[in-house]
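S.K.: Quick one: the structure is below, and I'll ask about it shortly.
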Amino acid sequence: MGQEGCETELPYLRINGIKTYYSGDKEKAGVPVLFCHGSGGGHHHWHNQCKNMPLSVNPFAVDLPGHGRSEGKAFDDINMYREWVRSFSKNLGLENYILAGHSMGGAIALAYALKYPDALSGLILVSTGARLRVLPAILEKLQERKIPDIMLKHLYAPGAPKQLIDLGRREITNLDPSVCLADFRACNNFDIIENLFRIKTPSLIVCGDQDNMTPVKYSLFLKEKLQQSRLEIIEEAGHMVMLEKPQAVNRAIANFIEEDLI
């Protein structure tokens, strides 16, 4: 589903005794943005954002517990991820930062903004929604410790580069089904539709126009309910929009920060 990591040797922190890897430079100037990956993912899904943001932006991307190079076990509850991100951001020394999330990571970001609004200056919500139901067939396969073929089918737009799809296929093949199952259970139980109006944090919503996993209607709903938000629909992109159309996503992020936050 992705690229190589943002650095060859990643820095790490110990969060509640668990060795946690991330990309980024604490000494760099710029508006801090913490990127959280989606189900079964890793920090490398934000490779293009780590490397190609303007100098005014200081990007960080983390491997959540049990993912990528981080130790620990994946959680089956979005609020547990939220509290873990809270500990991570405090340990990293992030204050008044932007929290970005893709898919499950977007659910974490929304849950975070509900509970800790004063810690954030902005939200970036990529290919996500206020409710993230998972097909029962996917959960059943994962319970059998099998990775469903349908997962790859729904990740990319039909016109995505073959190299990107091949990388995604290899990554999915190597996924631990137990990690995916925990993540998808967390997503399946996530629902903040009734509380979405309480989020006042300025938000950028990004989605691909050919996303079959979190369709455009999810992002339109977010735009309608989040009072301070802008929506960018990226053409010819699917669920992995930040990998499929990195320049368009980076431009949307830069415009949001420069026009709405600085």
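S.K.: If I build a Gaussian network model for the chain, linking alpha-carbon pairs within less than 10 angstrom, which residue out of 104, 213, 80 has the largest mean-square fluctuation?
M.R.: 80
S.K.: OK, next. With contacts defined as alpha carbon pairs under 8 Å and 6 or more residues apart, what's the relative contact order of segment 165-262 in percent?
M.R.: 25 percent.
S.K.: With runs of 4+ DSSP H residues as the only contributors, calculate the mean residue ellipticity of the chain at 222 nm using -39,500 (n - 2.57) per run, divided by the residue total and rounded to the nearest 500.
M.R.: About -10500 deg cm²/dmol.
S.K.: Now a separate question. How large are Rg and Dmax for segment 41-125 when only the alpha carbon atoms are used, in Å?
M.R.: For segment 41-125, the Cα radius of gyration and maximum Cα-Cα distance read 12.4, 36 Å.
S.K.: Under 8 Å for C-alpha pairs, at least 6 residues apart: give me the relative contact order for the chain, rounded to a whole percent.
M.R.: 20
S.K.: Give me the percent of Cα-Cα pairs in segment 160-262 that sit more than 22 Å apart, rounded to a whole number.
M.R.: It works out to 44 percent of all Cα pairs.
S.K.: Please give, to one decimal in nm, the separation of the simple spin-label points placed at residue 198 and residue 216, each 7 Å out from Cα toward the Cβ.
M.R.: Rounded to a tenth, the inter-label distance reads 3.2 nm.
S.K.: For residue 73, give me every one of the aspartates and glutamates with a C-alpha distance below 16 angstrom, ignoring sequence neighbours fewer than eight places off in its own chain.
M.R.: List returned: 63, 83, 176, 183.
S.K.: Along the Cα-to-C-beta direction of residue 56, a point sits 7 Å from the Cα; which residues of segment 226-262 have their amide N less than 13 Å from that point?
M.R.: 251-262
S.K.: Let me ask something additional. Once the other residues with Cβ under 12 Å from the Cβ of residue 227 are scored (Lys, Arg +1; Asp, Glu -1), what is the net sum?
M.R.: Once all neighbours under 12 Å are counted, the net charge is +4.
S.K.: Name the longest site-free stretch of the chain, where the excluded sites are trypsin sites (Lys or Arg not before Pro) in a DSSP loop with no more than 16 other beta-carbon atoms within 10 Å.
M.R.: 201-262
S.K.: Counting just the Cα atoms, what span does the chain cover along each of its three principal axes? Round to the nearest Å and put the largest first.
M.R.: For the chain, the Cα spread along each principal axis is 46, 40, 36 Å.
S.K.: Report, ordered by chain and residue number, the lysines lying within cross-link reach of residue 162, taken as a straight Cα distance under 29 Å and ignoring same-chain residues fewer than 8 apart.
M.R.: By straight Cα distance, residue 162 reaches 51, 141, 146, 153, 217, 245.
Readers should treat all values here as calculations from the given coordinates under stated rules, not as data from a laboratory. Please read these numbers as outputs of a predicted model, since none were measured by experiment. With ideal geometry, Cβ positions are generated from the backbone for all residues, glycine too; neighbour counts draw on all protein chains shown.
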